[in-house]
Amino acid sequence: RATGSYIKGTNGTSNGIIPMLRVFNDTARYVDQGGGKRKGSFAIYLEPWHADVFEFLELKKNHGKEEMRARDLFYALWIPDLFMKRVEDNEEWSLFCPHECPGLSDTHGEEFEALYHKYELEGKARQVVKAQELWFKVLESQTETGTPYMLYKDHANSKSNQKNLGTIKSSNLCTEIIEYTSKDEVAVCNLASLALPKYVKANEKGVNEFDHAKLYDVTKSVTKNLNKIIDVNYYPVPEARNSNLRHRPIGLGVQGLADVFIMLRMPFESPEAQQLNKDIFETIYYASMEASMELAIKEGPYSTWEGSPISKGIFQFDMWNVTPSSGRWDWESLREKVVKNGVRNSLLVAPMPTASTSQILGNNECFEPYTSNIYARRVLSGEFAVVNKHLLKDLIKLGLWNESMKNKLISANGSVQGIPEIPKDLKELYKTVWEIKQKTILEMAADRGAYICQSQSLNIHIQDVNFGKLTSMHFHAWKLGLKTGMYYLRTKAAADAIKFTIEKQAEVQIEQTNTVNETELQYAAHTAQAAASFSTDAAQNQSDMACSLDNPESCEACGS
């Protein structure tokens, strides 16, 4: 219920969602796996028509009244297409109480829009605001806290193999799980990641190639192993058991995609890397689908198979209006077998964050580019610098690795772009995520999205963020058809950017000076201070946002 909603049983009114979220916040802090090991994590999803949405967007901010904050929770918006259309057209947006206007969270697409319009015409809105006013608050929260996550309700539902079950109302903590829930079902994610560098092999000429046949074999084995886990797992509550045994969803992900591109000498933004990105996920989707079909021959299809898109031979890429382009796999033959035999699992692919396992295996996280070519590793004995292992190998091979080069990398915060000794081809190969266009990141996400039947944990990295860049990025993600438009927004300190630019222009050599002069420090400090306070300039932010909506292709964000 929204704030002020009438409660018949007590003849009182509701306090809204904020007090309850503060209870969840304290629960998350209390449940710490015994002795402060790891706090609990809650992801709270809200649709932007809820009457308390403005207060919701303030909950994670660092300032404001303490009783109106719940900073240990994670927040997400479950966004219908109608909201995005109204922001784009600068129209009004109505806010409702879900108790007074039932059914909005239970519907999607045209059915949702018809019901929303009906409630508007009946005058049931608690508040009517400009859609861009609410959008402005979303961007303000993201700029300050990196959240809320952005997930698109209609894309998530229209492209789901579980659409026959009902409307999906949320994702999970990491935004890659898109599964149906109900009163007697709690969705479960059964996950495993494939270490992609293991499938790079040298051919007879000694040139590295990607081994799709091996990836196919291992993916089939992992699919069958995850399916077995569903049967032997321990379930803490019956609702989780109900969901897992009825729908049998699994989620295959990856780690080390950036490592594969480097091993194959493909810059992240190159056409070759973009094609391989598609090919890898096509192979994973095909192999997992075939394995699930083979399991269905032995054990039968999952119990809610009838009426699902896959029961009609509709694959995920069909729902994206995409035709597989590799020519590597016989999709039509598999389609016939799937329709005839069924599949054992309702969902198969869900690229997740792989922070822990990728560290263990020495890979870069999931499908992301490197954030830096040098980083600090903390262990019990202290802290030490770790250099990108591929870059280190290349620099040693070229005779460029020495103490001076190490210091230059540290000074440049792990970027190689301003180091003159490093060849141009290596500068292209070792671009960090801050030096890659986020438009390319989004388009590669959409390319593989055609083979992802759940969703993907897609972080966005923007240096020198402003509302124009953010708006352009969000609308591009939405128009590409992504289910997850943004997991976290990562931003980079302006001071780092300024220091890098000054040193590059002045061609400062680390061996000549180990200090940054006072003028540079003052300049960087003033710039950082200006960047930190830019969000208070509402007029400028509104101008940036309007510009990006009017001229999406020419907006700075496309080059971020």
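For Val349, list long-range residues whose amide hydrogen, built 1.01 Å from N in the peptide plane, is under 5 Å from its own amide hydrogen.
For Val349, the qualifying residues are Leu252, Cys453, Gln454.
Name the residue farthest towards the positive end of the dipole of the chain from the options Asn413, Gln127, Tyr216, assuming +1 on Cβ of Lys and Arg, -1 on Cβ of Asp and Glu, about the Cα centre.
Toward the positive end, the furthest listed residue is Tyr216.
What does the charge add up to near Gln275, with Lys and Arg as +1, Asp and Glu as -1, over the other residues with Cβ less than 15 Å from its Cβ? Could the numbers behind the result be given before it?
On the way: positive: Arg265, Lys278, Arg328, Arg448; negative: Glu209, Glu269, Glu272, Asp279, Glu282, Glu443, Asp447.
Local net charge: -3.
Could you list which residues have their amide H under 5 Å from that of Ile79, counting only those 5 or more apart in sequence or on another chain, with H placed in the peptide plane?
Counting only residues 5 or more places away or on other chains, the set is Leu151, Tyr152, Lys153.
Within the stretch 139-186, list the trypsin sites (Lys or Arg not before Pro) lying in a DSSP loop whose Cβ has at most 11 other Cβ atoms in a 10 Å radius.
Values: sites: Lys153, Lys159, Lys163, Lys169, Lys183; in loops: Lys159, Lys163, Lys169, Lys183.
Listed in order of number, the matching sites are Lys183.
Each residue of the stretch 189-205 in turn: what ³J(HN,Hα) in whole Hz from Karplus with 6.51, -1.76, 1.60 and θ = phi - 60°, glycine and Pro shown as x?
10, 10, 10, 7, 10, 9, 7, 4, x, 5, 9, 9, 9, 7, 7, 5, 8
At 7 Å along Cα-to-Cβ for each site, give me the label-to-label distance between Gln33 and Ser333 in nm.
4.5 nm
For the stretch 345-487, what is the Kirkwood hydrodynamic radius in Å, using each pair of distinct C-alpha atoms?
On the way: mean 1/r = 0.0579 Å⁻¹.
Mean inverse Cα-Cα distance, inverted, gives 17.3 Å.
The stretch 304-355: which chymotrypsin sites (Phe, Trp or Tyr not before Pro) are DSSP loop and have at most 11 other beta-carbon atoms within 10 angstrom? Intermediate values should be presented prior to the final figure.
Details: sites: Trp305, Phe315, Phe317, Trp320, Trp329, Trp331; in loops: Trp305, Phe315, Trp320, Trp329.
Loop-located and lightly packed - none at all.
Where the centre of each part is set by its Cα atoms, how far does the stretch 1-23 sit from the stretch 116-183, in angstrom?
21 Å
Rank by packing, highest mean first: peptides 289-295, 367-373, with packing defined as the count of other Cβ atoms within 10 Å averaged across residues. Mind showing how you got there, number by number?
Values: 289-295: 23.1, 367-373: 21.0.
By packing density, highest mean first, the sequence is 289-295, 367-373.
When all alpha-carbon pairs of the chain are counted, what percent fall beyond 30 Å? Show your work: numbers first, answer last.
Numbers: 87019 of 156520 pairs.
Roughly 56 percent, rounded to a whole number.
Reachable lysines from Lys337, Cα under 26 Å, same-chain residues fewer than 8 places away excluded?
Filter leaves Lys159, Lys163, Lys214, Lys220, Lys224, Lys228, Lys278, Lys298, Lys312.
Rg and Dmax of the stretch 166-248 over Cα atoms: what are they, in angstrom?
Cα-based Rg and Dmax for the stretch 166-248 come out at 17.7, 59 Å.
Given +1 on the Cβ of Lys and Arg, -1 on the Cβ of Asp and Glu, and no further charges, what dipole in debye does the stretch 6-158 carry about its Cα centre, rounded to the nearest 20? Walk me through the numbers before you get to the answer.
Values: 19 positive and 25 negative charges, 172 e Å.
So the dipole magnitude of the stretch 6-158 works out to roughly 820 debye.
Find the Cα radius of gyration of the stretch 6-158, compare it with 2.2 N^0.38 Å by division, and give the number to two decimals.
Normalised Cα radius of gyration, the stretch 6-158: 1.12.
Please report the net charge: other residues with Cβ closer than 12 Å to the Cβ of Pro48, K and R +1, D and E -1. List each step's numbers first, then the result.
Numbers: positive: Arg86, Lys137, Lys153; negative: Glu47, Asp52, Asp81, Glu133.
Cβ neighbours under 12 Å give a net charge of -1.
What net charge is computed for the residues neighbouring Lys124, neighbours being all others with C-beta under 12 Å from the C-beta of Lys124, Lys and Arg scored +1, Asp and Glu -1? Present the calculation step by step, with values, prior to reporting the outcome.
Working: positive: Lys118, Arg126; negative: Glu100, Glu120, Glu122.
Neighbour charge sum, excluding Lys124 itself: -1.
Over all directions, the average projected area of the alpha-carbon convex hull for the stretch 380-437 comes to how many nm²? It would help to have the intermediate numbers written out before the result.
Values: hull surface 19.3 nm².
Projected over every direction and averaged, the Cα hull of the stretch 380-437 covers 4.8 nm².
Once the stretch 323-427 is represented by equal point scatterers at the alpha-carbon sites, with solvent omitted, what log10 I(q)/I(0) does the Debye formula produce at q = 0.19, 0.23 Å⁻¹?
-1.04, -1.31
Along Cα→Cβ, 7 Å out, is where each label goes; now give me the distance between the ones at Ser326 and Asn15 in nm to one decimal.
Spacing of the two 7 Å Cα→Cβ label points: 5.4 nm.
Once you have a ≥ b ≥ c as the square roots of the Cα gyration tensor eigenvalues for the stretch 191-355, tell me rounded if a/c is under 1.5, and otherwise prolate or oblate according to whether a/b is larger than b/c. Display every interim value, and only then the final one.
Numbers: a/c = 2.17, a/b = 1.58, b/c = 1.37.
It comes out prolate by the Cα gyration axes.
List the GluC sites (Glu not before Pro) within the stretch 158-235 that DSSP assigns to loop and that have no more than 11 neighbouring Cβ atoms inside 10 Å.
Details: sites: Glu176, Glu179, Glu185, Glu204, Glu209; in loops: Glu176, Glu179, Glu204.
The qualifying sites are Glu204.
Give me the distance in nm between label points sitting 7 Å out from Cα along the Cα-to-Cβ direction at Lys205 and Arg378, one decimal.
Result: 4.8 nm between the two label points.
Once Lys and Arg get +1 and Asp and Glu get -1 on their Cβ, which of Gly4, Ser14, Ile452 lies farthest toward the positive end of the dipole of the chain?
Projecting each Cα onto the dipole axis, the largest value belongs to Ile452.
Throughout, read-outs are computed from the coordinates displayed, never taken from laboratory work. All figures in this text were calculated on a predicted structure; none of them were measured in a lab. We place every Cβ from the backbone using ideal geometry, glycine too, and count neighbours over all the protein chains shown.
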